[in-house]
1. Over all pairs of distinct alpha carbons, what does the Kirkwood formula give as the hydrodynamic radius of the range 8-103, in Å?
2. Taking amide H atoms as placed 1.01 Å from N in the peptide plane, list the residues 5 or more away in sequence, or in a different chain, whose amide H sits under 5 Å from that of V22.
3. Compute the accessible area per residue over the range 8-103, keeping the other protein chains in place, probe 1.4 Å, unit Å².
4. Where the accessible area of the range 8-103 is counted over protein heavy atoms with a 1.4 Å probe, how much of it, in %, is carbon and sulfur?
5. So for the range 8-112, taking the charge dipole from beta-carbon charges (+1 Lys/Arg, -1 Asp/Glu), which of G36, V75, F18 sits furthest toward the positive end?
6. Can you give me the long-range amide H partners of I87? Hydrogens built in the peptide plane at 1.01 Å from N, cutoff under 5 Å, separation of 5 or more residues or another chain.
7. What's the angle, to the nearest 10 degrees (0 to 90), between helix 70-81's Cα axis and the longest principal axis of the chain?
Amino acid sequence: MDDVEVAKADISAVPTTFDQSVVLLDVREDDEWQRGHVAGAQHIPMGEVPARMAEIDPDAELYVICHAGGRSLRVANYLARNGYTPINVEGGMLAWAGAGRPMVTDDGSAGAI
């Protein structure tokens with residue numbers, strides 16, 4: 001199946017706060033998430049996305065992020081083929097951290113990659 005064209009966003013174009021209308025979907029594994037993630041991000045590991053698609057709001061502005069941008073692009077392509085309009089975050093969490101943007105952990109302390 002051909003990949004559909006997925007929008008890409010440079011880190012400077014990605015919002016820093018997320019709510020019901022703007023979603024940052026983090027598709028990294030649990031251990032990566034626990035080390036540090038974006039406050040307000042939605043976490044669904046890449047392998048669980050097909051089974052958990054109902055949790056993703058199709059009407060939200062949807063950014064997809066991973067560690068460096070590869071897994072999120074694959075997930076974004078999958079979502080696009082299933083009726084979503086995702087935006088892949090180029091450079092992933094590496095770019096997020098490189099831009100000096102904050103990360104947290106589940107216990108509220110500062111996160112890391």
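1. Numbers: mean 1/r = 0.0773 Å⁻¹.
Mean inverse Cα-Cα distance, inverted, gives 12.9 Å.
2. Under 5 Å from the amide H of V22: E61.
3. Working: 4400 Å² over 96 residues.
I get 46 Å² per residue for this part.
4. Working: 2200 of 4400 Å².
Here it works out to 50 percent.
5. Of G36, V75, F18, it is V75.
6. Correct list: L62, Y63, V64.
7. Approximately 40 degrees, to the nearest 10.
The values are calculated or read from the model by the stated rules, or taken from the named source; none is laboratory data. All values derive from a computational prediction rather than experimental measurement. Cβ atoms come from the backbone with ideal geometry, glycine included; neighbour counts cover every protein chain shown. These accessible areas exclude ligands, DNA and RNA; they are computed on the full protein's heavy atoms, side chains included. Shrake-Rupley method; radii C 1.70, N 1.55, O 1.52, S 1.80 Å.
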